[in-house]
């Protein structure tokens, strides 16, 4: 058994390749889906994010404020 990691920019075809691999019987783990679940309202990462970055990191809906975080990470 071996593992393949798919990386690349937006629109580079990662999802298409992952779909092909799944069609051919590969198990696909979508870490983007996992990250979104963890940072959704009530997700397991919300309280650690609040503790690390403050209440400003969490939006009014209780999920990670992605725009706020993006501005701090890449600003």
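Evaluating residue 62 against the criteria (1) in a loop (DSSP other than H, G, I, E, B); (2) under 30 Å from residue 1 (Cα atoms); (3) under 17 Å from the mean Cα position of the chain (by Cα) leaves one unmet condition, (2).
The condition (being exposed (fewer than 12 other Cβ atoms within 10 Å of the Cβ), in contact with a helix residue (DSSP H, G or I) (Cβ under 8 Å, 6 or more places away or on another chain) and modelled with pLDDT of 95 or more) is satisfied by just one residue among 56, 47: 56. Would you be able to say whether some residue in region 6-20 is touching a helix residue (DSSP H, G or I) at 6+ places or on another chain (Cβ under 8 Å) and exposed (fewer than 11 other Cβ atoms within 10 Å of the Cβ)? Looking for residues that are touching a helix residue (DSSP H, G or I) at 6+ places or on another chain (Cβ under 8 Å) and exposed (fewer than 11 other Cβ atoms within 10 Å of the Cβ), one finds at least one in region 6-20, hence yes.
Taking first residues from region 59-75 that are on the phi < 0 side of the Ramachandran plot and partners that are assigned to a strand (DSSP E or B) and surrounded by 10 or more Cβ atoms within 10 Å (Cβ to Cβ), the Cβ contacts under 7 Å between residues at least 6 apart in sequence or on separate chains come to 64/58; 65/58.
The values are calculated or read from the model by the stated rules, or taken from the named source; none is laboratory data. Just so it is clear, the model here is predicted, and its values are computed rather than measured. All Cβ positions, even for glycine, are placed from backbone atoms using ideal geometry, and neighbour counts span all protein chains on display.
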